1. Only one of LEU7, LEU43, LEU77 is part of a loop (DSSP other than H, G, I, E, B) and over 16 Å from the mean Cα position of the chain (by Cα). Can you tell me which?
2. Hey, does the range 58-68 have a residue that's surrounded by 16 or more Cβ atoms within 10 Å (Cβ to Cβ) and either of a type in the set (Lys, Arg) or part of a strand (DSSP E or B) (or both)?
3. Just give me the residues in the range 35-45 being open to solvent by 30 Å² or more (accessible area, probe 1.4 Å) and over 13 Å from VAL4 (Cβ atoms), in sequence order.
4. Scanning the range 46-57 for residues that are in a strand (DSSP E or B) and closer than 17 Å to LYS11 by Cβ, which turns out most open to solvent (accessible area, probe 1.4 Å)?
Amino acid sequence: MSRVCQLTGKKVIVGNSVSHSHIKTKRTFKPNLHLKKFWVPELKDFVYLKVSAKAIRTIDKKGVLNCMTEAFQKGYLK
């Protein structure tokens with residue numbers, strides 16, 4: 001499985017790890033992903049999604065179905 005949030009599109013990015021002496025080495029920044037089961041009342045079924053912590057907060061605010069339709073329109077969810 002790839003490390004990509006299905007609702008926000010967050011993914012692994014590459015940057016530098018900088019030491020005290022300013023020696024730079026490559027490192028990766030991974031998103032805070034969780035595999036969660038959500039109840040969708042409109043579908044009357046559970047849906048498993050791999051989402052970031054920010055996406056979980058957005059789902060609490062907007063609702064699962066609204067977030068899924070936005071992600072589908074943006075191309076994050078297939």
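The values are calculated or read from the model by the stated rules, or taken from the named source; none is laboratory data. This is a predicted model, so every value here is computed, not measured. As a convention, Cβ positions derive from the backbone with ideal geometry for all residues, glycine included, and neighbour counts pool all protein chains shown. For the accessible areas, the whole protein counts, side chains as well, though only heavy atoms, and no ligand, DNA or RNA atoms are used. Shrake-Rupley method; radii C 1.70, N 1.55, O 1.52, S 1.80 Å.
1. Numbers: LEU7 fails: over 16 Å from the mean Cα position of the chain (by Cα); LEU77 fails: over 16 Å from the mean Cα position of the chain (by Cα).
Going through LEU7, LEU43, LEU77 in turn, the sole match is LEU43.
2. No.
3. Filtering the range 35-45 down to residues open to solvent by 30 Å² or more (accessible area, probe 1.4 Å) leaves 35-37, 39, 41-45.
Result: LYS36, LYS37, TRP39, PRO41, GLU42, LEU43, LYS44, ASP45.
4. Applying the first criterion (in a strand (DSSP E or B)) to the range 46-57 yields 46-52.
Applying the additional criterion that residues be closer than 17 Å to LYS11 by Cβ yields 49-52.
Working: LEU49: 5, LYS50: 38, VAL51: 0, SER52: 4 Å².
Result: LYS50.
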